[in-house]
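No lab work stands behind these numbers, since they all come straight from the coordinates. In this text the structure is predicted, and so the values were computed from the model without any measurement. Note: ideal-geometry Cβ built from the backbone for every residue, glycine included; neighbour counts use all protein chains shown.
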Amino acid sequence: MLPLLEQISRGEVLLADGAMGTMLFERGLKSGQCPESINLSAPHLLEEIATLYLQAGADILHTNTFGGSPLKLAEYGLDDQCHQINCQAIRSVRSVVTDKAYISLSCGPSGRLLKPYGDTDPEELKESYKKQLTCILTEPVDMITIETMTDLAEATIAVETARQIAPDIPICATMTFDCTPRGFFTIMGVTVEQAATGLLEAGADIIGSNCGNGIDNMTKIAAEFGKCTNAPLMIQSNAGLPEEKDGHLFYPEAPEFMAEKCRKLPSAGVRIIGGCCGTTPAHIAAIRKTLTPGN
Amino acid sequence: MLNQLSDSLLTGNADAVASLVKQAIDQKLDPNNILNDGLIAGMTVVGQKFKSHEIFLPDVLIAAKAMNAGMEILKPLLVKEGIPSIGRIVIGTVQGDLHDIGKNLVGIMLKGAGFEVIDLGKDVAPETFVEAAIENEAQIIGLSALLTTTMPVMKKVVNLATEKGLTGKIKIIIGGAPTTSDYANEIGADAYCYDGINAVDCARRILGVA
């Protein structure tokens with residue numbers, strides 16, 4: 001495999017995986033249980049999920065480390081196991097993909113608010129990301145995905161910390177926007193343009209958006225990013241917002257529906273397409289089909 | 001001066017809010033007016049601007065801090081003069097769920113509207129909600145959940161309140177991204193609120209205050 005950024009610079013569109021949480025809940029993760037605790041208690045589930053996404057045609061697999069920062073793990077009293085939890089997540093995916101796909105370390109938000117809005121110091125945040133990210137010195141990865149960010153200050157700290165630890169590893173940073181009558185904003189008030197400028201300045205190689213409320217809005221967000229920058233973009237959309245039917249919750253956007261809409265993304269500059277909440281290997285397989293030349 | 005007070009809330013200037021409340025008290029303004037025409041009026045504008053996406057979460061959080069700075073000074077007077085709050089609400093994010101940004105916003109809007117809010121935090125057990133509501137003589141329990149997997153805990157709270165014979169005495173309102181009005185009906189909650197401002201309207205309606 002060529003290095004990831006080289007592959008992208010040749011104009012290729014890479015496919016990332018879909019949801020992790022959705023898959024874990026289907027496999028017995030309990031409400032209130034730390035999703036990353038699975039890495040130590042049932043790593044075979046990580047292998048199973050990685051296998052399914054690999055078979056679906058994903059080029060990039062994310063690790064089950066979204067909440068793997070010590071600040072987040074501390075909510076479950078697991079912060080002292082940060083290193084093992086993150087290392088095991090990488091090892092499990094590596095054992096499945098060997099060199100058939102890229103592995104990206106997922107880093108989600110700390111769940112804290114920086115001062116003066118909350119009570120967290122930038123230094124504390126930096127230290128937390130640093131502790132999580134040092135796992136890649138033991139277990140190498142091909143990319144780092146800093147995702148679901150809403151505060152540009154926190155995202156900047158995460159990207160800069162990742163850049164210091166891994167000067168040569170591609171960093172992808174994505175934020176989550178709400179669609180308002182005045183345009184797209186994160187809940188903290190960050191616009192697409194501010195995100196594009198800020199994330200690239202912080203040192204990200206690939207930028208974009210994840211989560212959100214469905215592929216239609218994501219297509220618009222991608223177009224806005226495309227107007228602001230020539231940098232490669234990543235889009236990982238939810239399969240819509242969860243709806244309820246007969247007491248069960250489901251995500252409304254079917255694999256074929258999402259896949260069809262994904263066709264438009266590359267022309268906006270999107271070079272990595274994946275899925276967020278509610279997307280499954282079936283979604284990824286459907287997107288793979290539409291990305292294959294001739295389809 | 002009360003206009004100035006509500007403007008200072010909008011800019012989140014806690015020092016200005018505190019000193020204006022002090023000035024207003026020194027000038028013998030009615031504490032109830034300071035609350036309603038200064039602090040509550042200011043927070044109402046904050047809520048409206050947030051709703052119309054003119055301002056964002058950081059602005060609301062800063063305004064709430066400024067409101068608290070003013071309330072600290074005003075509260076002893078309100079208590080002394082026996083001015084009751086318009087209602088008492090116990091809120092929290094349900095057990096198993098650690099997401100509290102939405103719940104905090106609801107708390108800010110309710111406090112900003114003059115309610116007394118007892119915030120139990122996140123990951124709150126059904127028993128804790130019910131006990132706190134009884135102990136504090138609250139009229140309403142507000143439940144928040146972000147995860148589809150923690151929503152069922154809301155039903156447990158409703159059931160527990162029913163078991164304790166609280167039906168009709170304490171109303172239960174719910175909110176959070178995955179919840180809906182249908183879901184509120186299904187589990188027997190009294191109302192679903194789609195955001196913090198709606199929660200204020202809803203609480204007012206339940207308590208019959210204008």
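See the values below:
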{"item": "Prolate/oblate/rounded label for the stretch A:1-155 (Cα gyration tensor, a/c 1.5)", "result": "oblate"}
{"item": "Built amide H within the under 5 Å cut-off of B:Tyr192, gap 5+", "result": "B:Ile174"}
{"item": "Largest-first ellipsoid semi-axes for the protein assembly as shown, taking √(5λ) over the Cα gyration tensor eigenvalues, angstrom", "result": "43, 25, 21"}
{"item": "Positive-pole candidate from B:Leu120, B:Gly208, B:Val158, dipole of the stretch B:85-210, charges at beta carbon", "result": "B:Gly208"}
{"item": "Magnitude of the charge dipole, the stretch A:181-230, Cβ model with Lys/Arg +1 and Asp/Glu -1, debye to 20", "result": "160 debye"}
{"item": "Cross-link pairs A:Lys227/A:Lys261; B:Lys49/B:Lys80; B:Lys22/B:Lys111; B:Lys22/B:Lys80; B:Lys75/B:Lys171; B:Lys28/B:Lys51 - those with Cα-Cα distance over 23 Å", "result": "B:Lys49/B:Lys80; B:Lys75/B:Lys171; B:Lys28/B:Lys51"}
{"item": "Estimated 222 nm signal from helices in the protein assembly as shown, with DSSP H stretches of n ≥ 4 weighted -39500 (n - 2.57), rounded to 500", "result": "-14000 deg cm²/dmol"}
{"item": "Prolate/oblate/rounded label for the stretch B:134-210 (Cα gyration tensor, a/c 1.5)", "result": "oblate"}
{"item": "Charge context of A:Val190, other residues only, Cβ under 11 angstrom, K/R +1, D/E -1", "result": "-4"}
{"item": "Candidate lysines for bridging to B:Lys164, where Cα separation is under 21 Å - those fewer than 8 sequence places away on the same chain excluded", "result": "B:Lys155, B:Lys156"}
{"item": "5 Å binning of all Cα-Cα separations within the stretch B:1-154, expressed as whole percents from 0 upward", "result": "2, 10, 18, 18, 17, 15, 11, 6, 2, 1, 0"}
{"item": "Diffusion coefficient, µm² s⁻¹, Stokes-Einstein with Kirkwood Rh over alpha-carbon pairs of the stretch A:1-93 at 25 °C and 0.890 mPa s", "result": "173 µm²/s"}
{"item": "Under Karplus coefficients 6.51, -1.76 and 1.60, residue-wise ³J(HN,Hα) of the stretch B:186-199 in Hz, glycine/proline x", "result": "4, 8, x, 6, 7, 6, 10, 10, 8, 7, x, 6, 4, 5"}
{"item": "Between 0 and 90°, nearest 10: helix B:152-163 axis offset from chain B longest Cα axis", "result": "90 degrees"}
{"item": "DSSP-defined beta bridges in the protein assembly as shown - what % are antiparallel, rounded to 5", "result": "10 percent"}
{"item": "Semi-axes of the equivalent ellipsoid for chain A, Cα gyration tensor, largest first, Å", "result": "25, 23, 20"}
{"item": "Cross-link reach list, aspartates and glutamates versus A:Lys220, counting only Cα pairs under 12 Å and skipping chain neighbours closer than eight places", "result": "A:Asp178"}
{"item": "Theoretical FRET efficiency, 1/(1+(r/R0)^6), r = Cβ-Cβ of B:His53 and B:Met1, R0 35 Å, to 0.05", "result": "0.70"}
{"item": "Projected area, mean over directions - the stretch A:133-252, Cα convex hull, nm²", "result": "8.7 nm²"}
